[in-house]
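Here's the structure we're looking at; comments come further down.
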Amino acid sequence: MSNELELIKRAETRNNTIAIRSKASEHTYANLVDRSASIASSILGGEGDLGESRIAFLATEGYDYVSIQWGIWRAGGVTVPLCLSAAEPELEYTLSNSGTSQVVTTRELSPKLEVLCERLDLRLSIFEEMNSETANELPDISVNRRAMILYTSGTTSKPKGVVTTHANIQSQIETLVDAWEWQPSDRIPLFLPLHHIHGIINVLSCALWSGATIEAFPGFKTEAILDRVAASAYTVFMAVPTIYVKLIQKLEALSRDDRAPIIRGFADMRLMVSGSAALPASVHEQWTALTGQKLLERYGMTEIGMALSNPFHGERRPGSVGQALPLVHVRLVSEKGDLVTSEGEPGEIQVRGPGVFDEYWNKPEVTAESFDHGWFRTGDMAVLETNYYRIMGRLSVDIIKSGGYKLSALEIEATLLQYPEIRECAVIGVADDTWGEAVAAAVVLEESSTLNLENLRSWCRDKLSNYKIPQRLLVLETLPRNAMGKVTKPAIKDLI
Ligand code: MLC
Ligand code: AMP
């Protein structure tokens, strides 16, 4: 009997409890355990242990996704989940940068990867065809082994691969299961993308660790989700602020009668969480006025899991992110490098603890620079006010948060500069009521260019995920610069 990961061991005790339900199907924990073992055997193809080989996979939210994810882990591989809306150059970068050796996807999604895998000479396996006849003895997986690489944008043009071990992931899960009192009786909708930590850890993994039931949707399908909310299908709900803004708009447009069962469904939930971007206090208050629910806002990051959270019991303060979660240590460090010891004084959030990631993939120097004596530098500023942290913003203007996605202005600029008519450009995030920030591009054009937003956006579609495509365009004669000749983005922001 092999030494299984804790997540699998726990699933083995849940037997016929429903783990994942979708519109078309229902699967028990026993199904997941069996299917992931067969996927593991198929990926191993007779080998004993993948030995941390990177296996990329593309699957929609749900049973297929988890079977593949667990299958890779049980075979000793490192999961590299791919973004469903990524354009081909982005997929190619992820596959190449991670040194992926095999790719797994479903029959439906395979056209997205076939040509690319052939070009990169990568084996592409189809989930529906992975039915290993022989059940391999699965390897022992030490928790200190690498488990997952998630690509995150930052202050470099290309995204970095954040590597977490099984121990990191388990700690991130245990922190939230403990703080938010996850129960086997919980039922949660899953609609967030599964190439980011919010969907993977906070929703999917916490639910499966706890023996709860997930209802999976292929993205945020408002009508379908609200139908189920009205049927009181859920006890827990987790989303990014943009989704709460969209829900408020939707509910306010409904008649009182149509709205009533949905409001009841939300009001009856035991927990509703917001995170991944700042939840404006006004949205927090509107949601309470509409549903009676006080949203629990928390703060986290791909590299650290969740770090700060308003309390499950106690005051949930609009505009604040609460205190350090169990197992997480947080400190603020001033611009001068001093430890902040008093309330009201801002500083950079630094974090340490067992949930903090292992390394940036193949980037030892960047990894080393990201830590200050063992404390991870988040690049986010915060202040402590009557015992609650409040996020003040980010240190870098090159990082944009839009719809809960972290975007690198530099990556978008590098792409736009490939457009033959663009001579210079500066990308910034501009405040937006729905998206938090919207991507805006200020450009200087080659003479005689007739570029407009529409043709720029359609050109971008082959190169960038839809949420990275500029929403606004400002054509300038020259870009404003500082005395050093560097483009001054905030000045552009003022112009827009
Ligand atoms: C899409 N659109 C945008 C946009 N994204 N417009 C402006 N800004 C954006 N960011 C436009 C599209 O171009 C399209 O327009 C229309 O909106 C619908 O696109 P869509 O992709 O179908 O949107 P939708 O499904 O409504 O998606 C919205 C969303 C999604 C909020 C559900 O963005 C989402 O799932 N975000 C969550 C991301 C996430 O999980 N982040 C967590 C990272 S981890 P048109 O004109 O073409 O119709 C992390 C750590 C932590 O941050 O703390 O959790
Ligand atoms: P990511 O790199 O995609 O994991 O995004 C992490 C970033 O999201 C953090 O560094 C913050 O800038 C931002 N973030 C997450 N939660 C919150 C929150 N509650 N309030 C403000 N910003 C947040």
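The values are calculated or read from the model by the stated rules, or taken from the named source; none is laboratory data. The structure displayed is predicted, hence computed values, not measured ones. Counting neighbours? That spans all protein chains shown, and the Cβs are built from the backbone with ideal geometry, glycine included. Ligands, DNA and RNA are stripped out before the accessible areas are found, and what is left, the full protein with its side chains, is counted by its heavy atoms. Shrake-Rupley method; radii C 1.70, N 1.55, O 1.52, S 1.80 Å.
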State the number of residues belonging to region 394-426 that are over 12 Å from residue 153 (Cα atoms) and of a type in the set (D, E, K, R). 5
Is it true that residue 321 is within 16 Å of ligand 2 (Cβ to nearest atom), touching a strand residue (DSSP E or B) at 6+ places or on another chain (Cβ under 9 Å), open to solvent by 40 Å² or more (accessible area, probe 1.4 Å) and of a type in the set (Val, Ile, Thr)? no
Please state which one of 185, 210 is open to solvent by less than 10 Å² (accessible area, probe 1.4 Å) and hydroxyl-bearing (Ser, Thr, Tyr). 210
Flag for residue 405 being touching a helix residue (DSSP H, G or I) at 6+ places or on another chain (Cβ under 6 Å), at pLDDT 95 or above and of a type in the set (Ser, Thr, Tyr): yes
For residue 354, which of the numbered conditions (1) within 30 Å of residue 100 (Cα to Cα); (2) within 16 Å of ligand 1 (Cβ to nearest atom) fails to hold? (2)
Candidate set: region 290-301, residues that are open to solvent by 20 Å² or more (accessible area, probe 1.4 Å) and more than 16 Å from ligand 1 (Cβ to nearest atom); chosen: the one farthest from residue 256 (Cα to Cα): 294
Residue selected from region 109-153 under the condition farther than 17 Å from residue 55 by Cα and within 16 Å of ligand 2 (Cβ to nearest atom), by the criterion surrounded by the most Cβ atoms within 10 Å (Cβ to Cβ): 153
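Hey, can you tell me all the residues within region 280-310 that are over 17 Å from residue 349 (Cβ atoms), in contact with a helix residue (DSSP H, G or I) (Cβ under 9 Å, 6 or more places away or on another chain) and either in contact (Cβ under 8 Å) with a residue 24 or more places away in the chain or within 12 Å of ligand 2 (Cβ to nearest atom) (or both)? I'd like the intermediate steps shown before the answer.
First pass over region 280-310, keeping only residues over 17 Å from residue 349 (Cβ atoms): 280-296.
Add one more test, that the residue is in contact with a helix residue (DSSP H, G or I) (Cβ under 9 Å, 6 or more places away or on another chain), and what stays is 280, 283-284, 286-287, 290-295.
Passing the criteria: 280, 283, 284, 286, 287, 290, 291, 292, 293, 295.
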Could you give me the residue pairs with C-beta distances under 7 Å whose first residue belongs to region 190-202 and is touching a residue at least 12 places away in the same chain (Cβ under 8 Å), whose second residue is within 11 Å of ligand 2 (Cβ to nearest atom) and in a strand (DSSP E or B) wherever it lies, and which are 6+ apart or on separate chains? 195/150; 196/150; 197/150; 197/300; 197/305; 201/305; 202/306
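Quick one: which helices (runs of 4 or more DSSP H) sit completely within region 198-289 and have at least 3 residues that are within 16 Å of ligand 1 (Cβ to nearest atom)? Reasoning before the result, please.
Working: elements: 206-210, 222-230, 241-253, 256-267.
So the answer is 222-230, 241-253.
Could you tell me which of the residues 406, 468 is in contact (Cβ under 8 Å) with a residue 12 or more places away in the chain, out of contact with any Cys (no Cβ under 9 Å at 6 or more places or on another chain) and among the charged types (D, E, K, R)? First the steps, then the outcome.
Values: 468 fails: out of contact with any Cys (no Cβ under 9 Å at 6 or more places or on another chain).
Matching residue, one of 406, 468: 406.
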Looking only at helices (runs of 4 or more DSSP H) that lie completely in region 23-124, which have at least 1 residues being over 24 Å from the mean Cα position of the chain (by Cα)? 29-44, 114-120
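Name the single residue that is surrounded by the fewest Cβ atoms within 10 Å (Cβ to Cβ) among those in region 11-22 being of a type outside the set (Val, Ile, Thr) and over 24 Å from the mean Cα position of the chain (by Cα).
Let us first name the residues in region 11-22 that are of a type outside the set (Val, Ile, Thr), namely 11-12, 14-16, 19, 21-22.
Narrowing the set further to residues that are over 24 Å from the mean Cα position of the chain (by Cα) leaves 12, 14-16.
Details: 12: 12, 14: 19, 15: 11, 16: 9.
In this case the residue turns out to be 16.
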